[in-house]
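Taking it in order: structure first as structure tokens, then the write-up.
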Amino acid sequence: MKITDKLKEEDFVVSFEVFPPKNDAPFEPVKNAVSKLSELNPSFMSVTYGAGGGVSNNTIDIASYIENDLDTMALAHLTCVSSSQDEISDTVNKLKSKNINNILALRGDIPKDMEFPNAGYYKYAYQLIEDIKSKDDGDFCIGAACYPEGHIESNNKEKDIEFLKQKVDCGVDFLVTQMFFDNNVMYNFLYRALANDINLPVFAGVMPVTNSRQIKRICELSGTNLTPRFKSIVDKFGDNPLALKQAGIAYATEQIIDLVANGVKGIHLYTMNKPEVAEKIMENISEILK
Ligand code: FAD
């Protein structure tokens, strides 16, 4: 099944993002986590792709487990900047052979020593999307990333959104946002997107924060800003994991309620493979989603 079909059936979608095992780490803990997550009935589950593409088979295997064993629709992330076009073609064929019909087509972060132009390689996500679409069996539902606060490499939001429009026009079916902690940033982004004729489903990336070290690192890497309100929570409860977890769940719940109330049609929950966190949030919004 494709996410576009799901969108015809459901007024509102909640999706979960998970990550596959790293390198040679065991599969069982990840399989257990995704099994528990799938019992919460998300509309689909996405599986991240390791930076550099080195463990792409782990992404494919976990996505296949979700799609074929858990009977939950899977969205496989696919980054292109560190792989040749032939390697990507191979991965796309493997996804097709595993019955995975949804790809989040990404560029990935550019490795430090990478030089462009580099024949046979990709520089931007739109080139990957063009490539997948041009394949004879390229009948995939394609998602792409977007950045309400602007992409970290871009110092001009106007240009960033023009490039997003270029990417969308290559055949994107839906967008998933980078996490944000201030919903107004998302609403402003949606206005700017519409003003640039970007008119397709946008799923809001919500990250329930449960670990202070992790959040500082993620914000540094992605360029996401902590709101003063959220920063106070991290400052106050950063050394108390249980309190931070409770506060992170409450903050994410409030964010989601506000997004639903303001007409956003989809939430993409960055679960960090923690079913107990996703379960609490789903409980908190169970009536709201009815
Ligand atoms: P692009 O859309 O190609 O944009 C990258 C930069 O290039 C932007 O600054 C853009 O403005 C600029 N640009 C685009 N087109 C042009 C052009 N024609 N000319 C000049 N400049 C241009 N990373 C992983 O490694 N694995 C994952 O699984 C993963 N999942 C993600 C999921 C989501 C929802 C999000 C939001 C990000 C994810 N990332 C992941 C991170 C992502 O790979 C990085 O942010 C990466 O740096 C950009 O990828 P992109 O697909 O958005 O790139």
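Run the quick spin-label model on Glu283 and Ser97: label points 7 Å from Cα toward the beta carbon, then report their separation in nm to one decimal.
Each label point lies 7 Å from its Cα, and together they span 4.3 nm.
Using Cβ contacts closer than 10 Å as the measure, can you line up Arg107, Arg229 from fewest to most?
Arg229, Arg107
Taking only complete DSSP H runs, can you tell me which helices of the chain stretch 24 Å or more along their own long axis by Cα positions and average at least 0.5 on the Kyte-Doolittle scale?
Sorted by number, the helices that extend far enough and score high enough are 241-261.
Taking N as the number of residues in region 3-284, what is its Cα Rg relative to 2.2 N^0.38 Å?
For region 3-284, the normalised Cα radius of gyration is 0.97.
Could you list which residues have their amide H under 5 Å from that of Val55, counting only those 5 or more apart in sequence or on another chain, with H placed in the peptide plane?
Gly50
When Met45, Met1 are ordered from fewest to most other Cβ atoms inside 10 Å of their Cβ, what list results?
Fewest to most other Cβ atoms nearby, the residues stand as Met1, Met45.
Specify the longest stretch of the chain that does not include any exposed loop site, a site being one of the GluC sites (Glu not before Pro) with a non-H, G, I, E, B DSSP assignment and at most 13 other Cβ atoms within 10 Å.
154-286
Along Cα→Cβ, 7 Å out, is where each label goes; now give me the distance between the ones at Ala243 and Asn188 in nm to one decimal.
It is 3.2 nm.
What FRET efficiency would be calculated for the residue pair Asp90, Glu220, taking the C-beta separation as r and a Förster radius of 51 Å, to the nearest 0.05?
Details: r = 33 Å, r/R0 = 0.65.
Given R0 = 51 Å and the Cβ-Cβ separation, E is 0.95.
Determine ³J(HN,Hα), in whole Hz, for all residues of region 169-178 in sequence, where each value follows from phi through the Karplus function 6.51 cos²θ - 1.76 cosθ + 1.60 and θ = phi - 60°; x replaces Gly and Pro.
5, 7, x, 7, 9, 7, 10, 10, 8, 4
How do Ser232, Ser35, Ser15 rank when sorted from fewest to most other Cβ atoms within 10 Å of their own Cβ?
By the 10 Å Cβ count, ascending: Ser232, Ser35, Ser15.
Taking the Cα centre of region 3-284 as origin and charging only Cβ (+1 Lys, Arg; -1 Asp, Glu), how large is the dipole, in debye to the nearest 20?
For region 3-284, the charge dipole is close to 720 debye.
When the helices in the chain are scored as -39500 (n - 2.57) per DSSP H run of 4 or longer and the sum is shared across all residues, what 222 nm value do you end up with, to the nearest 500 deg cm²/dmol?
Values: 11 runs with 127 residues, N = 290.
Value at 222 nm, helices only, nearest 500: -13500 deg cm²/dmol.
For region 3-284, what's the relative contact order in percent, using C-alpha pairs closer than 8 Å and at least 6 residues apart?
The value is 19 percent.
No lab work stands behind these numbers, since they all come straight from the coordinates. On a predicted model such as this, the values are computed, not experimentally measured, just so you know. When we count neighbours, we look across all protein chains shown, and the Cβ atoms used for this are built from the backbone with ideal geometry, even at glycine.
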